[in-house]
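The values are calculated or read from the model by the stated rules, or taken from the named source; none is laboratory data. Just so you know, these numbers come straight off a predicted model, no measurement behind them. Cβ placement follows ideal geometry from the backbone for every residue including glycine, while neighbour counts extend to all protein chains displayed.
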Amino acid sequence: MSLIVGIRCTDSIVLAASGPVALASEDGLAPARQRARKLRVVGGIAVMGVSGHDGLAQEMALSLERSLAELDHQKVAEDVLRSSIRDALAAPVQRTVAIHKTLQGLPGFGITSNDYVLSQSMVAIPFQDSVRLYALDPECSLTEITDEHTYAAIGNTTVANPFLAFLREVMWQNGGPNQASAELAAYWTVRHAVESTPAGLAQPIQLAVMVRRQDESIEIIERGDRELAAIGQMMETRLEAMRRSFATQPHASGSGGGPKPPPVPTAKPTRKRVPEVRLRLEPPDHGREPDRW
């Protein structure tokens, strides 16, 4: 599974996702790579990330888009919104599970076929005067990421969860994250996981931000290669500061620190540069009939 990280700020949500993911192989050959974008804008109002098979993710996006089109986002109750999101994402999963149950036992449908059914997802969506972040587990149980915890990771989280906990202690000791530190933490976590588990995760990294402006409009931004490179440079600067800090700390024996480790070379991008994409959603006009955003 791929890795998706979500961080909640005061007026924004930050989502980051790894790139291609390795698929299980039943014929003994090397695992295949599925090249797919894991973050997508749904219905012009929500950002969804799915860690799982991309065909199932496409069905989940269509189901969520249809469900959101039926809601008045200024008047809907919170429990109705949560139920709508959960039901919309659970429906394609339930259909897929039912189909796979009928195929069990047939040639070519072994244990690894479950990889095409299992999925986890995150949804960032505006609600009244705030933005919300929800995470759904493989059973489609919905959990809101609140101010108490501020972040979550789904998918291949073996490396990501402890690293996020470390960054929280280092970067957010005096309160919750702001948007800039959340973007840095999300990107840093995914990149660290990719570099630590190269057999399962890979570049390119996606980074999307949902922001509620002071005029109540919602802006959805997908960072381009130039912006990601700037965040990566900031990450390297922070790493170098940590190295210098550890190098100058005395050892237990009282002697000075050891030699400064060499800087980690940054891999040069080989893909065509992708520009930053912005989508601005104006606040609804309450003087006319309710309509879709």
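Enumerate the strands (runs of 3 or more DSSP E) found wholly within region 1-100, keeping only those where 1 or more residues are modelled with pLDDT of 90 or more. If you could, list the steps in order and put the result at the bottom.
Numbers: elements: 3-8, 12-17, 21-23, 32-34, 39-42, 46-52.
Filter on region 1-100 gives 3-8, 12-17, 39-42, 46-52.
In region 152-183, what residues are surrounded by 16 or more Cβ atoms within 10 Å (Cβ to Cβ) and part of a helix (DSSP H, G or I)?
Keep residues of region 152-183 that are surrounded by 16 or more Cβ atoms within 10 Å (Cβ to Cβ), which gives 152-157, 159-160, 163-164, 167-168, 171-172, 176-177, 179, 181-183.
Across region 152-183, the qualifying residues are 160, 163, 164, 167, 168, 171, 179, 181, 182, 183.
Condition first: among the charged types (D, E, K, R) and under 24 Å from residue 87 (Cα atoms). Can you find one or more residues in region 215-228 that meet it? Even if it seems obvious, please write down each step before you answer.
Initial filter on region 215-228 (among the charged types (D, E, K, R)): 215-216, 219, 222-223, 225-227.
From what's left, under 24 Å from residue 87 (Cα atoms): none.
Looking through region 215-228, none of the residues is among the charged types (D, E, K, R) and under 24 Å from residue 87 (Cα atoms).
Between a residue in region 140-156 that is in contact (Cβ under 8 Å) with a residue 60 or more places away in the chain and over 17 Å from residue 174 (Cβ atoms) and any residue that is surrounded by 11 or more Cβ atoms within 10 Å (Cβ to Cβ) and basic (Lys, Arg), which pairs come within a Cβ distance under 6 Å, given they are 6 or more apart or on different chains?
142/82; 142/86; 145/8
Restricting to region 119-151, give me the number of residues that are within 23 Å of residue 37 (Cβ to Cβ), surrounded by fewer than 22 Cβ atoms within 10 Å (Cβ to Cβ) and of a type in the set (Gly, Ala, Ser).
1
Among the residues of region 55-69, write down those that are closer than 11 Å to residue 84 by Cβ and surrounded by 14 or more Cβ atoms within 10 Å (Cβ to Cβ). I'd like the intermediate steps shown before the answer.
Of the residues in region 55-69, the ones closer than 11 Å to residue 84 by Cβ are 63-64, 66-69.
Selection gives 63, 64, 67, 68.
Starting from residues that are of a type in the set (A, V, I, L, M) and part of a loop (DSSP other than H, G, I, E, B), keep the ones in region 184-214 and report whichever is nearest to the chain's Cα centre (by Cα).
Step one: list which residues in region 184-214 are of a type in the set (A, V, I, L, M), which gives 184-186, 190, 193-194, 199, 201-202, 205, 207-211.
Now narrow it down to the ones that are part of a loop (DSSP other than H, G, I, E, B): 199, 201-202, 205.
On the way: 199: 19, 201: 13, 202: 14, 205: 10 Å.
The qualifying residue nearest to the chain's Cα centre (by Cα) is 205.
For every residue, the table says whether it meets (1) of a type in the set (Ser, Thr, Tyr); (2) on the phi > 0 side of the Ramachandran plot; (3) out of contact with any His (no Cβ under 8 Å at 6 or more places or on another chain).
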{"residue": "131", "(1), (2), (3)": "no, no, yes"}
{"residue": "137", "(1), (2), (3)": "no, no, yes"}
{"residue": "140", "(1), (2), (3)": "no, yes, yes"}
{"residue": "143", "(1), (2), (3)": "yes, no, yes"}
{"residue": "151", "(1), (2), (3)": "yes, no, yes"}
{"residue": "155", "(1), (2), (3)": "no, yes, yes"}
{"residue": "164", "(1), (2), (3)": "no, no, yes"}
{"residue": "172", "(1), (2), (3)": "no, no, yes"}
{"residue": "175", "(1), (2), (3)": "no, yes, yes"}
